[in-house]
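Here's the structure we're looking at; comments come further down.
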């Protein structure tokens, strides 16, 4: 019983220490979270059901893919993460997410530990309304499965607005 208490204490301390790291690379820090111009909203249905809203979003450009990531922190032990990847091409405004299997995903965390990871059989799209050097807006939706647990989710009515921090 004592060991369990020590493990829970260590987990709680690590969570409190690591939670600020969620914000370090984000486009806006926790002190200005409610003033952010960046916003991701979506309706999650299936084995996870919630209204996903994140006021902070990262945009990462890789050699082959670009990726939006957003995290919704409900409390230290309830965290949701959304990652949308697409094979970036400047002249295109619409991308098929089924070509990004595993890169596009939805994760459910218990503290810092991934509890559920929906990343298989991804089907969906991301469509941009506006794409400039500093601003990107659009809509997205996708279906994904957790092949290990045999669960699935549908992410629908997704919208995003990303304005690069200057």
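Some observations on this one:
- Selection within segment 33-71: residues that are closer than 22 Å to residue 165 by Cβ, without any contact (Cβ under 8 Å) to a residue 40 or more places away in the chain and assigned to a strand (DSSP E or B). The member of this set that is nearest to the chain's Cα centre (by Cα) is 69.
- Flag for residue 56 being in contact with a helix residue (DSSP H, G or I) (Cβ under 7 Å, 6 or more places away or on another chain), buried (at least 16 other Cβ atoms within 10 Å of the Cβ), modelled with pLDDT under 90 and closer than 18 Å to residue 135 by Cα: yes
- Taking (1) buried (at least 16 other Cβ atoms within 10 Å of the Cβ); (2) modelled with pLDDT of 95 or more; (3) more than 20 Å from residue 127 (Cβ to Cβ) in turn, residue 51 satisfies each apart from (1).
- Residue check for residue 158: assigned to a strand (DSSP E or B), in contact with a strand residue (DSSP E or B) (Cβ under 8 Å, 6 or more places away or on another chain) and at positive phi: no
- Taking residues in segment 132-157 that are farther than 21 Å from residue 52 by Cβ, and partners anywhere that are assigned to a loop (DSSP other than H, G, I, E, B), the pairs with Cβ atoms closer than 7 Å and at least 6 places apart or on different chains are 134/164.
- Residues of segment 87-127 that turn out to be in a strand (DSSP E or B) and in contact with a strand residue (DSSP E or B) (Cβ under 9 Å, 6 or more places away or on another chain), as a count: 24
- Residue match in segment 72-89 (condition: under 17 Å from residue 165 (Cβ atoms), modelled with pLDDT of 90 or more and either crowded, with 16+ Cβ neighbours inside 10 Å or out of contact with any helix residue (DSSP H, G or I) (no Cβ under 8 Å at 6 or more places or on another chain) (or both)): no
- Taking (1) within 14 Å of the chain's Cα centre (by Cα); (2) free of Cβ contacts under 8 Å to residues at least 12 places away in the same chain in turn, residue 83 satisfies each apart from (2).
- The residue list 114, 155, 122 contains one member that is crowded, with 20+ Cβ neighbours inside 10 Å, farther than 23 Å from residue 38 by Cβ and either in contact with a helix residue (DSSP H, G or I) (Cβ under 7 Å, 6 or more places away or on another chain) or modelled with pLDDT of 90 or more (or both), which is 122.
The values are calculated or read from the model by the stated rules, or taken from the named source; none is laboratory data. These numbers were taken from a predicted model, which means no experiment stands behind them. Note that we place each Cβ from the backbone using ideal geometry, even for glycine, and neighbour counts take in every protein chain shown.
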